[in-house]
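J.: Have a look at this one before I ask anything.
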Amino acid sequence: MTEALAALLDAAQVWLAAGAAVFLRIGACFLVLPGFGEAMIPARIRLGAALAFTAVVTPAVLADLPVMTGAAPPLSFFATEAIAGLILGMALRLTVHALQVAGSIAAQATSLSQIMGGASPDPQPAMGALLMLSGVTLAVMAGLHVHLAETFVRSYTLLPIGTWPRPQDLGGWGVDRVAASFGLALSLAAPFLIASLLYNVALGVINKAMPQLMVAFVGAPAITWGGLFLLLVTTPFLLPVWFEAFREALANPLGLR
């Protein structure tokens, strides 16, 4: 009986250590994760979601945690998990951030940057808030929780537990992710930039032909309604393009080729 209790205690210690390590990775990711880590979601719900993901991921990765079968690991061993979680979360957050940047560019190009600018906790134009909320909703409806659990399981192959990422690799990864995020944002905002260019060229031609006409008063309503109409028409085409980039970030958060 004593031997059975001792074996059960050893197994429980291994599971608790493994669960704590996995929870550190998932909890750090949930700090910046889109959808589950939004500021509007209460902290208790985020904590419960992180614990639920821990219960799902731990049995799947227990075989990849050989150090858990030995003595108690050092604290630095667990610190690597928090860093790995932040890397995963930032890879997805930067992809969602591309929608906010695209909305800001589109709003500036169509003179809509001040409409409902302070209606959200983060100061951003209404276009950026609408695109970002639509993108996160699309990701959640497409089974974000399932894909996220698969990403956590695969991450132990990309970022082994107890291994510190090299600073030069981490710096290069950060630069590439930020560049890719802004490149995606510029691509999504391209229709609004083209429309703004055509509008300003037409306004200049009209002003040259009729100097006495107050073209600003005539053109302001046109660009406003044109921007809203363009948002209505292009959003169904922009969101699938963004979602493909988001799926690639889920499948390959480190951007490996």
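Computed from the coordinates by the stated procedures, all read-outs in this text should not be read as laboratory data. Please read these numbers as outputs of a predicted model, since none were measured by experiment. Methodologically, a virtual Cβ is constructed for each residue, glycine included, from the backbone with ideal geometry; neighbour enumeration extends over all protein chains shown.
J.: When only DSSP loop residues count, what chymotrypsin sites (Phe, Trp or Tyr not before Pro) in the range 212-254 have their Cβ near at most 12 other Cβ atoms within 10 Å?
T.: none
J.: Rounded, prolate or oblate for the range 125-183? Axes are the square roots of the Cα gyration tensor eigenvalues, ordered a ≥ b ≥ c, and the cut-off for rounded is a/c under 1.5.
T.: oblate
J.: Among Glu248, Glu81, what is the fewest-to-most ranking by other Cβ atoms within 10 Å?
T.: So the residues, fewest neighbours to most, are Glu248, Glu81.
J.: Quick one: Karplus J couplings for the range 32-44, per residue in order, coefficients 6.51, -1.76, 1.60, θ = phi - 60°, nearest Hz, x for Gly and Pro?
T.: Here the 3J(HN,Hα) series is 10, 5, x, x, 6, x, 5, 5, 6, 8, x, 5, 5 Hz.
J.: Another question about this same structure. Which order, highest average first, do 28-36, 158-166, 189-197 follow once you tally other Cβ atoms within 10 Å for each residue and take the mean per peptide?
T.: Output ranking for 28-36, 158-166, 189-197: 28-36, 189-197, 158-166.
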